[in-house]
Every structure is written in structure tokens, then in C-alpha cells.
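Chemist: Take a look at the following structure, please.
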Amino acid sequence: MRLLIQILVVEDDLDTRLLIERIIREDAQLAICGHSDSADDAITLAQLFSPDLVILDHHIEGQATGLEIAPLIKAVASDTKIILFTSENVLDEIDSQGAIDSYLPKTDIQKLLPTIQNLMF
């Protein structure tokens with residue numbers, strides 16, 4: 001039996017976070033280990049849970065962006081994969097930054113579950 005893939009959702013918009021969580025629950029092999037709306041909490045939860053995957057918005061509460069905290073998440077949970085799920089076009093920054101494993105625009109939310117599955121299985 002395969003263990004559940006543990007996912008941390010970092011999104012400051014409640015409606016979007018609830019939608020992401022509903023999509024994740026469509027796959028019985030995926031589980032939500034926590035959620036956060038801020039940069040500081042995201043790093044703390046990543047260290048606490050060592051999730052397999054973080055779904056990370058770029059604009060979150062706090063002083064840092066998703067791109068800025070991605071390396072910090074990797075520093076406390078090195079095996080964690082990160083999907084940057086955002087409405088911002090930050091592709092150039094992702095390429096130079098290196099901590100993001102996948103990028104998905106929020107306009108393509110219907111591709112979220114396949115993106116997770118392709119990255120994790």
C-alpha cells in the first residue's frame with residue numbers, strides 16, 4: 001500500500017484555498033497536512049510537517065513572496081516539491097531562482113490535480 005502524499009497549501013485567499021483543498025481530496029492518495037496564509041507560518045509548517053508537496057501562492061501575507069520563501073522551505077524540508085500556483089507571471093524569476101519544481105497559473109486550475117500527480121507519481 002502506498003503512503004499518502006502529504007500536501008501543505010499556502011494561499012491567502014480563503015475561497016481559492018478551499019477550492020485547492022477540494023481538488024486535492026479528489027485523489028485518495030493525496031492528503032492535506034496543513035494550510036497557511038502567510039510566509040512565516042508556511043516555513044514553520046514546512047519544518048514541522050516536512051510535506052511531500054507545497055502548493056505555494058506568490059502573493060501571500062507577510063513581508064515575503066512565495067518565490068522568496070521557496071528556498072527557505074527547501075532549507076527546512078529538502079525533499080519537498082513546490083508548485084508555484086499564482087496569478088502572477090513570474091516565469092523568468094522561477095528559472096533563475098531554482099527552488100520551484102513546477103509552475104501553474106491560477107487560470108489553469110483545472111490542471112492542478114494532473115500537475116500534482118505528474119510531479120509526485
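Computed from the coordinates by the stated procedures, all read-outs in this text should not be read as laboratory data. Model, not experiment: these values are computed from the prediction. All Cβ positions, even for glycine, are placed from backbone atoms using ideal geometry, and neighbour counts span all protein chains on display.
Chemist: May I have the extent of the alpha carbons of the chain along their three principal axes, as whole Å values ordered from largest to smallest?
Modeler: Computed over the Cα atoms, the extents are 39, 30, 26 Å.
Chemist: Now for a separate question. Given a Förster radius of 41 Å and the C-beta distance between T107 and S78 as r, what FRET efficiency does 1/(1 + (r/R0)^6) yield to the nearest 0.05?
Modeler: Plugging the Cβ-Cβ distance into 1/(1 + (r/R0)^6) gives 0.85.
Chemist: When the Karplus curve 6.51 cos²θ - 1.76 cosθ + 1.60 is applied with θ = phi - 60°, which whole-Hz ³J(HN,Hα) does each residue of the range 22-37 get, with x for Gly and Pro?
Modeler: 5, 5, 4, 5, 5, 10, 5, 8, 10, 9, 8, 8, x, 8, 8, 10
Chemist: For T86, list long-range residues whose amide hydrogen, built 1.01 Å from N in the peptide plane, is under 5 Å from its own amide hydrogen.
Modeler: Those qualifying (amide H under 5 Å, at least 5 residues apart or on another chain) are L104, K106.
Chemist: Still on this structure: So between E68 and F121, what do we pick up on full extension, going 0.36 nm a residue minus the alpha carbon distance? Write out the running numbers ahead of the final one.
Modeler: On the way: separation 53, 0.36 × 53 = 19.08 nm, distance 2.67 nm.
Stretched fully, the E68-F121 segment lengthens by 16.4 nm.
Chemist: Return the calculated 222 nm mean residue ellipticity for the chain, to the nearest 500 deg cm²/dmol, obtained by summing -39500 (n - 2.57) across DSSP H runs with n ≥ 4 and dividing by the residue count.
Modeler: Working: 5 runs with 49 residues, N = 121.
For the chain, the value works out to -12000 deg cm²/dmol.
Chemist: Using modelled amide H (1.01 Å from N, peptide plane; none on Pro or chain starts), what sits under 5 Å from the amide H of V54, excluding residues fewer than 5 places away?
Modeler: Under 5 Å from the amide H of V54: L8, K81, I82, I83.
Chemist: Turning to a different aspect of this structure: Whole-Hz ³J(HN,Hα) for each residue in the range 76-83, computed from phi via Karplus 6.51 cos²θ - 1.76 cosθ + 1.60 with θ = phi - 60°, x for glycine and proline: what do you get?
Modeler: Listing the rounded values in order: 9, 9, 5, 8, 6, 8, 10, 9 Hz.
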